[in-house]
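A.B. asks: Input: one structure, supplied below.
The values are calculated or read from the model by the stated rules, or taken from the named source; none is laboratory data. Computed from a prediction, not measured in an experiment: that's the story for all the values here. Heads up, the Cβs are rebuilt from the backbone with ideal geometry, glycines too, and the neighbour counts pull from every protein chain shown.
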Amino acid sequence: MSQPLKILHVHSGNLYGGVETFLTALARHGHYSPDMDQRFALCFRGRLSEELTALGSVTSLVHPVRISRPWIVWRARRSIRGIFNEFRPSVVICHAPWAQAIFGPAVRAVGLPLVYWQHGTVYGKNLLERYASLTVPDLALTNSHYTADTVRNLYPHTRCDVVRYPVSPPPSAVTDSRSRVRQALDTDPDATVIVQVSRMEPWKGQRLHLEALGLLANQPDWICWQVGGAQRPEELRYLEEMKTLADSAGVADRVRFLGERSDVQDLLAAADIFCQPNLGPEPFGIVFVEALYAGLPVVTTAMGGPLEIVSDSCGRLTEPEDPEELAAALLDLIQHRDTRRELGEAAPQRAFELCDPAGQMREMENVLRSLAAELKD
């Protein structure tokens, strides 16, 4: 039997998006690697801390931090040293530049192995990233090869491995929810439903999506569900702009802004096409994998992590910022049910090949054990 591998994940915890979804997935799928003892240290209470606790994970709260106040940073570092002393982790993983900048020095100070997990694009230019770059980790992990290419902006000489997120297929019961969900959302049973699930941020491409749908205003029988809540003031303003855009494009009566939802798997199972035409590169894209598991063809722009997820067998890639090409791709799938079915049937296998939870949890354990062996030698 292998020696237990004690992992402490460190993150802020004040928002909820892809990183937080990933962390809850680690907790949910921990049984695939029973020799890993994973615990979590967060600075803020919120949805992430609640979900981790509900999953039975040991989750500790560190002193809340404001990076602009050095004395509070010092208190937080002293606070997390107490967690180190109690848990005695084999390795500490700081997720994203914020956690690395704040807590990387505390990990180094006590001589623990330090891993930096990069979840997004970094350029090493803003103040937070420069702070993070001052503490060089023993290993960098990323969620895609695209993201890995940007790690050198922070750590040009650090080993970097790609470990894709573990994403599980939906429970079989979800497949029975199609008619119920459509009825609840005032959507015709025979309509072609195009769904987007993402934060209300401009780079996620809601504007481009709505512009393309405006070009299809005369095409009958489609409905769009826009799923995703606004968490910050600028996102609330953006949401209002998107509602205005839908109205001016003549499709307001066919676009449903559903806000933040806890039943995303049900919504995907009740849709026909997934479309998220990013204006900026997505580092990975958990929701693209979830859409594939749901048997949906995926339409997105050809950039970032989705280039590693979406192939011709399961979706369509379009040029960025081209509403005409996006509209043409959507129209083809709206009009050709057989094409939708062919792409959708191949989609779940593609998702499994990329993100099978059992395989990805074992991959993470193997990488971290390899690091521990290297450092011991």
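A.B. asks: Does Gln206 satisfy the criteria of being touching a residue at least 40 places away in the same chain (Cβ under 8 Å) and polar (S, T, N, Q)?
C.D. replies: Numbers: touching a residue at least 40 places away in the same chain (Cβ under 8 Å): no; polar (S, T, N, Q): yes.
Judged against the criteria, Gln206 is not a match.
A.B. asks: Return the total of residues in segment 228-263 being among the acidic types (Asp, Glu) and farther than 25 Å from Ala217 by Cα.
C.D. replies: Looking only at that region, the number is 4.
A.B. asks: Can you give me the number of residues within segment 250-283 that are of a type in the set (A, V, I, L, M) and either assigned to a helix (DSSP H, G or I) or at pLDDT below 95 (or both)? Walk me through how you get there before you give the answer.
C.D. replies: We begin by selecting, within segment 250-283, every residue of a type in the set (A, V, I, L, M); these are 251-252, 255, 258, 264, 267-271, 273, 279.
Add one more test, that the residue is either assigned to a helix (DSSP H, G or I) or at pLDDT below 95 (or both), and what stays is 252, 264, 267-269.
Residues flagged as of a type in the set (A, V, I, L, M) and either assigned to a helix (DSSP H, G or I) or at pLDDT below 95 (or both) within segment 250-283 amount to 5.
A.B. asks: In segment 56-95, what residues are among the hydrophobic types (A, V, I, L, M, F, W, C), at pLDDT below 95 and in contact with a Ser or Thr (Cβ under 9 Å, 6 or more places away or on another chain)?
C.D. replies: Leu61, Val62, Val65
A.B. asks: Another one. What's the total number of residues in segment 112-128 that are of a type outside the set (S, T, N, Q) and either at pLDDT 95 or above or surrounded by 21 or more Cβ atoms within 10 Å (Cβ to Cβ) (or both)?
C.D. replies: Total meeting the criteria: 8.
A.B. asks: Still on this structure, please answer the following. For the structure I just gave you, tell me whether Val197 is closer than 30 Å to Met361 by Cα and surrounded by 16 or more Cβ atoms within 10 Å (Cβ to Cβ). Please lay out each step first, then the result.
C.D. replies: Working: closer than 30 Å to Met361 by Cα: yes; surrounded by 16 or more Cβ atoms within 10 Å (Cβ to Cβ): yes.
Here the answer is yes, as Val197 does meet what is asked.
A.B. asks: Here's something else I'd like to know. For segment 296-306: of the residues being out of contact with any Ser or Thr (no Cβ under 9 Å at 6 or more places or on another chain) and not in a strand (DSSP E or B), which is nearest to Phe352 (Cα to Cα)? Talk me through it step by step, then tell me what you get.
C.D. replies: First, pick out the residues of segment 296-306 that are out of contact with any Ser or Thr (no Cβ under 9 Å at 6 or more places or on another chain): 296, 298, 303.
So of that shortlist, the ones also not in a strand (DSSP E or B) come out as 296, 303.
Values: Leu296: 14, Met303: 22 Å.
In this case the residue turns out to be Leu296.
A.B. asks: Do we find a residue being part of a loop (DSSP other than H, G, I, E, B) and either in contact with a Phe, Trp or Tyr (Cβ under 6 Å, 6 or more places away or on another chain) or closer than 27 Å to Arg164 by Cα (or both) anywhere in segment 73-87? Lay out the reasoning, then the answer.
C.D. replies: Step one: filter segment 73-87 for residues part of a loop (DSSP other than H, G, I, E, B), giving none.
No; the residues of segment 73-87 include none that is part of a loop (DSSP other than H, G, I, E, B) and either in contact with a Phe, Trp or Tyr (Cβ under 6 Å, 6 or more places away or on another chain) or closer than 27 Å to Arg164 by Cα (or both).
A.B. asks: Shifting gears a bit: Checking Thr192 against (1) closer than 24 Å to Arg337 by Cα; (2) surrounded by fewer than 17 Cβ atoms within 10 Å (Cβ to Cβ); (3) polar (S, T, N, Q), only one condition comes out false. Which one?
C.D. replies: That leaves (2) as the condition not met.
A.B. asks: May I pose another question? Considering segment 77-111 alone, what residues qualify as being buried (at least 21 other Cβ atoms within 10 Å of the Cβ), out of contact with any strand residue (DSSP E or B) (no Cβ under 6 Å at 6 or more places or on another chain) and not β-branched (Val, Ile, Thr)?
C.D. replies: Scanning segment 77-111 gives Pro97, Ala101, Ala106.
A.B. asks: Give the residue, chosen from Phe44, Phe22, Phe40, that is assigned to a helix (DSSP H, G or I), in the same structural domain as Val91 (by TED's automatic domain parsing) and of a type in the set (Phe, Trp, Tyr).
C.D. replies: Result: Phe22 is the single residue among Phe44, Phe22, Phe40 that is assigned to a helix (DSSP H, G or I), in the same structural domain as Val91 (by TED's automatic domain parsing) and of a type in the set (Phe, Trp, Tyr).
A.B. asks: I've got another one for you. Here is a list of conditions, (1) free of Cβ contacts under 8 Å to residues at least 40 places away in the same chain; (2) crowded, with 23+ Cβ neighbours inside 10 Å; (3) not in a loop (DSSP other than H, G, I, E, B), and Glu342 meets all of them except one; can you say which number that is?
C.D. replies: (2)
A.B. asks: Tell me the helices (runs of 4 or more DSSP H) entirely within segment 144-237 that contain at least 3 residues that are touching a strand residue (DSSP E or B) at 6+ places or on another chain (Cβ under 9 Å), at pLDDT 95 or above and outside the structural domain of Leu333 (by TED's automatic domain parsing).
C.D. replies: 145-151
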